[in-house]
């Protein structure tokens, strides 16, 4: 049986065009079955536009699952999650819970996707709180997993310890890092630095069954010397958004500057492939979406401004997540930790 | 009387060469008197190397003040601040306290410089905690003041309110922003987002005598739509170091990529002025050091890897700080806030 992924077709800033195109690419390349969840007419119109008219999508293993409502980026999270029971994200999550799909992918309102995933899919029995795991590009090429990037603004040390275990499993299973080095985000390498949360978490991480390398700093995110960085969701989210903002700012400044003189215009044209390559290296869409680790089932959350490639790669991540039986591993490892920690 | 700045000549990664050169530039350009504090022989050797042999430095209004000890980057902060009573930073701070200098500049061990400044210079009577104010470059050109970037890992809402007042005064007086827009660093613009600290601080900031524009996110640091961003010192320090790391990573990737083909090499050469210009725009040294706002006297802290220009600009900042009578303004405004807030 093909791995089946439910894609929230109505979620992102450019839905459903981007979602449908990403789904078609994934269905073609990745040997997955896709359930496109959302407003049937709009989704069908996109399929036609992209050369996959009815009933040709069947051959690609794409199905449409109708959902009448949409949670927009501006909708208040708590209220819309509770009230919009036929929203595309809610229906996608229900498909996963009922076993019709192995995982879901959404580029919708991040808060709503997280809340719906926790509500409908539930949390793994041993895990206290699911964490959103962002993947950051590094100079060395392989991504750093940073978690939590926004699911839990306030955390306790035992949460960070569970994040560390989950992040290490993710790095090993999906990014192929043999013995992932795990760091704790702080404001200096010295143990005395940071907040009470950091000092207490460092003590817990030392005795956890992971390759804990100690405290790291903001500059370590892009170096590639650690594979997993553990952080509360407030700090992690600030890091994620600061990085996105800075890449945007640099690219925009560079574009302006390269247009200033004829010489630099020519220079810019000749070096365009180098720029593209750097942009690609720093491009989050290469890594697909951010998985919500610790959910009972699979939920991969994409940036609202995701492009086709990001959606396709998020579907790939969801598939690999399923095939690697990541949740079984997380449950086993966290359970072992929680039952033995007081021995 | 010339404004007099005590420069910790032994602080930075490349001390005393960088410090002495930056001091000479400042003395030449800025009409300030400089007290170079540190090991006399080493400082004098640098002065000779830079074409300012004894007694020529007198004409430049440069004096050497001997200090036998050095606090290195690796020294434990609390211990070295307490024990090394003849360290260059300690002597520089003493010169300020005793009225022989109007302010100090140091690129030394940041923790030690902060601790020494607080210990020797003291805190303004109305201010609870001094905050380190970093200045971030933006797409729009004018810098965003982010505070605290590392003096206080853990903060209370009333601290953030004082930071906001101090940041606004700094933005107005030193960066020339008429009515600085002040934002609160959070993980979404909605009031409900963030931590308890953020929610409580937002309420306090609303009633503070500043132009509070609400919550901002990491991506707003480089946009230039707000002039002052208030944050606890843990989050602020993570933002600072993440940004530094990302700029380094991008520049290093770009360099590698531009060397890949002959075409891109030529392209890189032709666009070199554009790169330089972007690097300059993103260069923290343009803004000089970070002032420790809320100290009873003036302390400007530079990055350990500061170059000559950064030292020179930090001296400029210290001079402007003095001439704008910033501390008098901070004390007046914070005092007014603290005495009227319960009316």
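Within the stretch B:254-261, can one find any residue that is modelled with pLDDT of 75 or more, in a helix (DSSP H, G or I) and more than 8 Å from chain A (Cβ to nearest Cβ)?
Scanning the stretch B:254-261 turns up at least one residue that is modelled with pLDDT of 75 or more, in a helix (DSSP H, G or I) and more than 8 Å from chain A (Cβ to nearest Cβ).
For (1) outside any helix (DSSP H, G or I); (2) out of contact with any strand residue (DSSP E or B) (no Cβ under 6 Å at 6 or more places or on another chain); (3) in the same structural domain as residue A:123 (by TED's automatic domain parsing); (4) modelled with pLDDT under 95, each residue gets a yes or a no:
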site: A:299; (1), (2), (3), (4): yes, no, yes, no
site: A:304; (1), (2), (3), (4): yes, yes, yes, yes
site: A:312; (1), (2), (3), (4): no, yes, yes, no
site: A:333; (1), (2), (3), (4): no, yes, no, yes
site: A:343; (1), (2), (3), (4): yes, yes, no, yes
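So is residue A:251 surrounded by fewer than 24 Cβ atoms within 10 Å (Cβ to Cβ), at pLDDT 70 or above, within 14 Å of chain B (Cβ to nearest Cβ) and more than 15 Å from the chain's Cα centre (by Cα) or not? So that I can check it myself, show each step before the final result.
Values: surrounded by fewer than 24 Cβ atoms within 10 Å (Cβ to Cβ): yes; at pLDDT 70 or above: yes; within 14 Å of chain B (Cβ to nearest Cβ): yes; more than 15 Å from the chain's Cα centre (by Cα): yes.
In short, yes.
Anything in the stretch B:142-151 that is buried (at least 22 other Cβ atoms within 10 Å of the Cβ) and assigned to a loop (DSSP other than H, G, I, E, B)? List them, or say none.
We begin by selecting, within the stretch B:142-151, every residue buried (at least 22 other Cβ atoms within 10 Å of the Cβ); these are B:144-151.
Correct list: B:148, B:149, B:150, B:151.
Would you please name the residue that is surrounded by the fewest Cβ atoms within 10 Å (Cβ to Cβ), looking only at residues in the stretch B:176-196 that are assigned to a strand (DSSP E or B) and more than 11 Å from chain A (Cβ to nearest Cβ)? Break it down into steps so the answer makes sense when it comes.
Within the stretch B:176-196, the first condition is being assigned to a strand (DSSP E or B), and the residues that meet it are B:181-185.
Then keep just the ones that are more than 11 Å from chain A (Cβ to nearest Cβ); that gives B:181-184.
Working: B:181: 19, B:182: 25, B:183: 26, B:184: 27.
Looking at residues that are assigned to a strand (DSSP E or B) and more than 11 Å from chain A (Cβ to nearest Cβ), I get B:181.
Suppose the filter is surrounded by fewer than 22 Cβ atoms within 10 Å (Cβ to Cβ), in the same structural domain as residue A:118 (by TED's automatic domain parsing) and assigned to a strand (DSSP E or B); does residue A:21 pass it?
Numbers: surrounded by fewer than 22 Cβ atoms within 10 Å (Cβ to Cβ): yes; in the same structural domain as residue A:118 (by TED's automatic domain parsing): yes; assigned to a strand (DSSP E or B): no.
It is false that residue A:21 is surrounded by fewer than 22 Cβ atoms within 10 Å (Cβ to Cβ), in the same structural domain as residue A:118 (by TED's automatic domain parsing) and assigned to a strand (DSSP E or B).
Of the conditions (1) more than 13 Å from the chain's Cα centre (by Cα); (2) more than 20 Å from residue A:240 (Cα to Cα), residue A:309 clears all except one; give me its number.
(2)
Please state which of the following conditions residue A:170 fails to meet, knowing it meets all the rest: (1) in contact (Cβ under 8 Å) with a residue 60 or more places away in the chain; (2) more than 9 Å from chain B (Cβ to nearest Cβ); (3) in contact with a helix residue (DSSP H, G or I) (Cβ under 6 Å, 6 or more places away or on another chain); (4) surrounded by 22 or more Cβ atoms within 10 Å (Cβ to Cβ).
Result: residue A:170 passes all but (3).
The values are calculated or read from the model by the stated rules, or taken from the named source; none is laboratory data. On a predicted model such as this, the values are computed, not experimentally measured, just so you know. Please note: Cβ atoms are built from the backbone with ideal geometry, for glycine as well, and neighbour counts cover all protein chains shown.
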